[in-house]
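To start, I am sharing the structure in question, which I have written as structure tokens.
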Amino acid sequence: MNTRFKKYLLFFIILCFAPLFREFFFGMVSHHHQPFATIEDILHTVLEIVIMGGLAGVLIFLDIRFTRDKFKELRVTQAVAIETLASLAEYRDAETSQHLQRIGIFVKILGDKLKKDSPYSGYMRSQFSYIEDLVHASVLHDIGKIAVPDGILLKPGVLTDEEFDVIKTHTTIGSDILTSADLQFQKRVGTQSYLTLALTVARAHHEKWDGSGYPDGLAGENIPLAARIVALCDVYDAVTSDRVYKKAWSHEEAVQMIRKNRGRHFDPVITDAFLLEEKIFEITKREYAG
Ligand SMILES: [Fe+2]
Ligand SMILES: [Fe+2]
């Protein structure tokens, strides 16, 4: 039973029992007052209990409504802050302006599917607001690109090894930025938030299932689940979009590449769920139609 429910229950009991307490209390202090001496007394007390119960119910209902509205307002404020933060990196990388929005949509679809029916559903269900946090986290995956110079980030053509090394730092820089934001949040509020998930996604979204990714060379389930989900959606959207250095692939070409990378770049379980998800293909088709 959660604490809030316990408080409501206590409040309800106190209010409902107040007429009984009053009846006994007067009986103890006044010799002229016998508790429940007449039928009228009993009916009177029962009526009071019903009224008090109704009053408690109304007050609890109003409190739940008010708290829910506040929570909703907080969630909206949070979402706006995330989008603003993410748009800082996006602003410099004009070609990917729709990239973050689509990743959020893909992550939601794929996340819902994995949560519903997969070996990961137990874990995902046990985490409070996992999918919502995952969507927020996915939007921030490339926040570290804010620190990559324009000459490299917007270079049309193949990057040199040195330039690619600079690009790679967007993972560690992103996670550093989000780690300090996360620490601040925890210090002030005392609980964890989507930022904890966001910093792991920022750091690990270029890790590969076979251990050949960066920055930490993690392999298999050592790569945080959230990062494995975002990684697939990120790659899928990157290859099916036009970029400065390449033309967009078709959905079929992207699917072929993803299938080939099952168990190499991508988690096999997540790949299978992704390949079965028709909705993603429909969104891509709609997005590029005309
Ligand atoms: Fe990235
Ligand atoms: Fe990306």
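Please treat every number below as a calculation from the coordinates, not as lab data. Just so we're clear, the structure is a prediction, and the values are computed from it rather than from any experiment. We place every Cβ from the backbone using ideal geometry, glycine too, and count neighbours over all the protein chains shown.
Give Lys72/Lys168; Lys113/Lys168; Lys113/Lys145; Lys115/Lys187; Lys70/Lys145; Lys6/Lys279 a once-over and call out the pairs whose C-alpha atoms are over 32 Å from each other.
Lys72/Lys168; Lys70/Lys145; Lys6/Lys279
A further question on this structure: For the chain, set up a Gaussian network in which alpha carbons nearer than 10 Å are linked by springs, and say which option among Pro119, Pro268, Pro19 fluctuates the most.
Checking each option, the largest mean-square fluctuation is seen for Pro19.
Next question, about the same structure. Starting from the 7 Å offset along Cα-to-Cβ, what nm value, one decimal, do you get for the label separation of Lys72 and Val58?
Each label point is offset 7 Å from its Cα along the Cβ direction, giving 2.3 nm.
Which residue, Glu163, Glu83, Glu207, has the most motion in a Gaussian network model of the chain that connects Cα atoms within less than 10 Å?
Largest GNM mean-square fluctuation: Glu163.
Give the angle, between 0 and 90 degrees and rounded to the nearest 10, that separates the Cα long axis of helix 39-92 from the longest principal axis of the Cα atoms of the chain.
20 degrees
Pairs of Cα atoms under 8 Å, at least six residues apart: use those to get the relative contact order of the range 1-76, whole percent. Walk me through the numbers before you get to the answer.
On the way: 31 pairs, mean separation 27.0, N = 76.
Relative contact order, the range 1-76: 36 percent.
Another one. Which value in nm describes the separation of the simple spin-label points at Glu277 and Leu159, placed 7 Å from the Cα toward the beta carbon?
Distance between label points: 2.5 nm.
What is the sum of charges, Lys and Arg at +1 and Asp and Glu at -1, for the other residues whose Cβ falls under 14 Å from the Cβ of Glu23? All intermediate terms of the calculation are to be shown ahead of the outcome.
Working: positive: Arg22; negative: Glu40, Asp41, Glu48.
So the surrounding residues net to -2.
Next up: What nm value, rounded to one decimal, do you get for the distance between Ala238 and Ser30 when each label is placed 7 Å out toward the C-beta?
Each label point is offset 7 Å from its Cα along the Cβ direction, giving 8.1 nm.
Mind checking the alpha-carbon convex hull of the range 118-259 and giving the volume per residue in Å³?
In the range 118-259, the Cα hull volume divided by residue count equals 126 Å³.
Could you list which residues have their amide H under 5 Å from that of Arg243, counting only those 5 or more apart in sequence or on another chain, with H placed in the peptide plane?
Residues meeting the amide H criterion: Ala248.
Gaussian network model of the chain, Cα springs within a sub-10 Å range: biggest mean-square fluctuation belongs to which of Val189, Val80, Val269?
The residue that fluctuates most here is Val189.
Can you give the FRET efficiency for Ala219 and Lys6, using 1/(1 + (r/R0)^6), R0 = 45 Å, r = Cβ-Cβ distance, to the nearest 0.05?
Working: r = 45 Å, r/R0 = 1.00.
For R0 = 45 Å, the calculated efficiency reads 0.50.
Multiply the residue gap between Lys187 and Asp112 by 0.36 nm, knock off their C-alpha separation, and tell me the result in nm, one decimal place. Write down the numbers at each step before the final one.
Numbers: separation 75, 0.36 × 75 = 27.00 nm, distance 3.11 nm.
Residue separation times 0.36 nm, minus the Cα-Cα distance, leaves 23.9 nm.
Report, in degrees rounded to the nearest 10, the 0 to 90 angle that the Cα long axis of helix 161-189 makes with the longest principal axis of the chain.
Value to nearest ten degrees: 10.
Figure the gain on full extension for Val269 and Ile39 (residue separation times 0.36 nm, minus the Cα-Cα span) and round it to one decimal in nm.
75.8 nm
With each run of n ≥ 4 DSSP H residues scored as -39500 (n - 2.57), what mean residue ellipticity at 222 nm is computed for the chain after dividing by its residue count and rounding to the nearest 500 deg cm²/dmol?
Helix-only estimate at 222 nm: -23500 deg cm²/dmol.
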